[in-house]
1. Take the alpha carbon atoms of region 14-89, find their radius of gyration, then divide it by 2.2 N^0.38 Å using N residues; give the quotient.
2. How far apart, in nanometres, would the label points at Thr55 and Ala150 be if each is projected 7 angstrom from Cα along the Cα-to-Cβ direction?
3. For the chain, state the average projected area of the convex hull of the C-alpha atoms over all orientations, rounded to one decimal in nm².
4. Measuring from label point to label point, each 7 Å out along Cα→Cβ, what is the Thr128 to Asp115 span in nm?
5. Leaving out ligands and nucleic acids, note down the accessible area per residue over the chain with a 1.4 angstrom probe, in whole Å².
6. What is the gain in length, in nm to one decimal, between Thr67 and Gln102 on full extension, counting 0.36 nm per residue of separation less the C-alpha to C-alpha distance?
7. Taking all protein chains as present, what is the carbon and sulfur share of the accessible area of region 33-116, in % to the nearest whole number, probe 1.4 Å?
8. What accessible area, in Å² to the nearest ten, does a 1.4 Å probe give for Glu147?
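The values are calculated or read from the model by the stated rules, or taken from the named source; none is laboratory data. Treat the numbers as computed from the prediction; the structure is a model and nothing was measured. Every residue, glycine among them, receives a Cβ derived from its backbone with ideal geometry; neighbour counts consider all protein chains shown. Please note that ligands, DNA and RNA were not included when accessible areas were found on the heavy atoms of the full protein model with its side chains. Shrake-Rupley method; radii C 1.70, N 1.55, O 1.52, S 1.80 Å.
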Amino acid sequence: GGPSVPFSARLNSPTVFSFAAWVRPTGGSGYRTVVSSRTGAPGAQRGYILYLTPTNTWEFWTGTGTTWHVVTGGAAAMNAWTHIAITRSASGTKRIYLNGVQAASTSGAYSPVVDPAHGFHLGCGDDTGGAFRFVGLIDDAAFFPVELGALLVQQHRDAGAASFPTPL
């Protein structure tokens, strides 16, 4: 797995947020997590997840409070670096960007994690970060408590996190 951060309300925005990173998946099977802050108890799903699925496609999941709402955003390039970003707007639109280009969008409900027992996990998932491990590399990961538009996603891709406004 990767680093985990204890629960923080700043990493669980009640309405809008964005996450961006460079990823290089190299293998694995099943669901592999790039980032998650979630509670997945049946009937009480909350938070967000960026998965590489068993079929090597990208999925952005958000908990509605009762189930998961999913948007699928294209095939993963195995053994190659890809810039990936997920955003959620105040109007409820979720987007996945691959290499600075919007790959998918949809609207759906979102309920943030509010339970201090559930943290923020990079490269691993489930409620405690102990499963759904990402196989590969993650670099320049950044979480933002705002929606990044297409231009800012492209700027993050082109310049990296170091030259960007300070992420959380």
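1. 1.10
2. My value for the distance between the label points is 2.6 nm.
3. Taking a quarter of the hull surface, the average projection is 8.2 nm².
4. Going from the Thr128 label point to the Asp115 one covers 1.2 nm.
5. Accessible area per residue, the chain: 41 Å².
6. That pair, Thr67 and Gln102, stretches by 10.1 nm at full extension.
7. With neighbouring chains kept in place, the figure for region 33-116 is 53 percent.
8. 70 Å²
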